[in-house]
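Below is one structure, written out as structure tokens; comments come after it.
Derivation of every value follows stated rules applied to the coordinates shown; laboratory data play no part. Quick caveat, the model's predicted, so the values are computed rather than measured. Note that we place each Cβ from the backbone using ideal geometry, even for glycine, and neighbour counts take in every protein chain shown.
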Ligand code: NAI
């Protein structure tokens, strides 16, 4: 049987953690033949540490055959030791009345410390996914704080936006979500993201031709996908958790096990593609093979798309400028 891999998860006692850990342990992320060791990080505070123990009791009670070991941590230097995968879920999202500078400073502290810890103790091949918001900028901070690790190891989660876009397109066209190919979301995980179905197909047919309604694209589809997180908070009284955990599973599974040529969206550091400045942590269309992602290149960017890409890029550059002094 396969050698176990080490999967570190931060924010493990939070609501996404609760929807995520059981699926990792059951083999949905890395395959039904891949044993895992869970290394769980929470803040060094009694409440969350106690809640984490409760989650671990439940994981025990599932008797998952693939879960060979699990440990609880309050220090990233031990939580990330030899980690092959790191899902950085815990963060400080913007609360009501919170100033932008405060948000960036709090997360700057969390993600510089976690980036440095990954740099010091994780596997040199560690695959890092940042879920905690502001996800792209947090991933950028972690990457910049880990100079001895390859830049490409750091990614941000745009997959929830991708899956939300796919679901809206399936509903609009009356087709199966599983048949949608070549969809992507450009930019920041925020309402400025640009979900782009110009290249998408369903059973080989063009989605753009099927829908043929630019007014719907600009005034219904993009705002619906962009504001979906807020709509879920409004309806549920809590932010998306199961769908976020599901997107994290999709992102890591596709990165590790490959997409068979299918496009997916990942937030990754740009190498300058599509005019996005190097290192910007940006949502791009990618395919994955042999544990590596590759940007789909050479797509035509029309005027409408360029305008949307410029907006989300400007927002990201603003965030990244705001944390420069912390790096
Ligand atoms: P939550 O508040 O239920 O849980 C977060 C947990 O992280 C808490 O238990 C907290 O103690 C822990 N934590 C905070 N700082 C930490 C640190 N430095 N080290 C380790 N643990 C830490 O929040 P929830 O709902 O689980 O969401 C987590 C994050 O994911 C939020 O930032 C949220 O905005 C973000 N999110 C991102 C999405 C995306 O598509 N990228 C989608 C949905 C949520």
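As an exercise, use a Förster radius of 30 Å and the Cβ-Cβ distance of residue 120 and residue 23 to find the FRET efficiency, rounded to the nearest 0.05. Could the numbers behind the result be given before it?
Working: r = 29 Å, r/R0 = 0.96.
About 0.55, to the nearest 0.05.
Springs between alpha-carbon atoms under 10 Å, Gaussian network over the chain: tell me which of 45, 130, 106 tops the mean-square fluctuations.
45
So how far, in whole Å, is the C-alpha centre of region 172-242 from the one of region 276-304?
Value for the Cα centre distance between the two parts: 18 Å.
Given springs between every Cα pair under 10 Å in a Gaussian network model of the chain, which of 166, 146, 51 has the largest fluctuation?
Looking only at 166, 146, 51, the largest GNM fluctuation is found for 51.
Rounded if a/c is under 1.5, else prolate if a/b beats b/c, else oblate: with a ≥ b ≥ c from the C-alpha gyration tensor eigenvalues square-rooted, which is region 220-327?
Details: a/c = 1.40, a/b = 1.08, b/c = 1.30.
Rounded is the answer for region 220-327, as its axis ratio a/c remains below 1.5.
With 10 angstrom as the radius, rank 255, 186 by how many other C-beta atoms surround their C-beta, starting from the fewest.
Details: 255 21, 186 25.
If I rank by nearby Cβ atoms, fewest first, I get 255, 186.
Helix-only estimate, please: 222 nm mean residue ellipticity of the chain, summing -39500 (n - 2.57) across DSSP H runs of length 4 or more and dividing by its residues, to the nearest 500.
On the way: 11 runs with 135 residues, N = 327.
About -13000 deg cm²/dmol.
Eigenvalues of the Cα gyration tensor times 5, then square-rooted: what semi-axes does that give for the chain, in whole angstrom, largest first?
Numbers: eigenvalues 189, 101, 75 Å².
Calculated on Cα positions only, the semi-axes equal 31, 22, 19 Å.
List 143, 266, 56 from most exposed to least, where exposure is judged by having the fewest other Cβ atoms within 10 Å.
Working: 143 28, 266 24, 56 18.
If I rank by nearby Cβ atoms, fewest first, I get 56, 266, 143.
For a quick check, take a GNM of the chain with Cα springs below 10 Å and name the residue from 301, 24, 202 with the largest mean-square fluctuation.
In this elastic network of the chain, the residue with the biggest mean-square fluctuation among 301, 24, 202 is 301.
Under 8 Å for C-alpha pairs, at least 6 residues apart: give me the relative contact order for region 57-157, rounded to a whole percent. Walk me through the numbers before you get to the answer.
Working: 138 pairs, mean separation 30.4, N = 101.
For region 57-157, the relative contact order is 30 percent.
For residue 102 and residue 171, what is the calculated FRET efficiency with R₀ set at 25 Å and r taken between the beta-carbons, to the nearest 0.05?
Working: r = 38 Å, r/R0 = 1.53.
So the FRET efficiency works out to roughly 0.05.
Take the Cα of residue 69, step 7 Å along the line toward its Cβ, and report every residue of region 21-40 whose backbone nitrogen sits under 16 Å from that point.
Residues passing the 16 Å test: 35-40.
So how do 252, 210 line up by other beta-carbon neighbours within 10 Å, fewest first?
Values: 252 24, 210 17.
Ascending Cβ contact count within 10 Å gives the list 210, 252.
Could you work out the relative contact order of region 227-327, using alpha carbon pairs under 8 angstrom and six or more residues apart, expressed as a whole percent? Intermediate results must be reported in sequence, preceding the final value.
On the way: 100 pairs, mean separation 19.3, N = 101.
About 19 percent, as a whole number.
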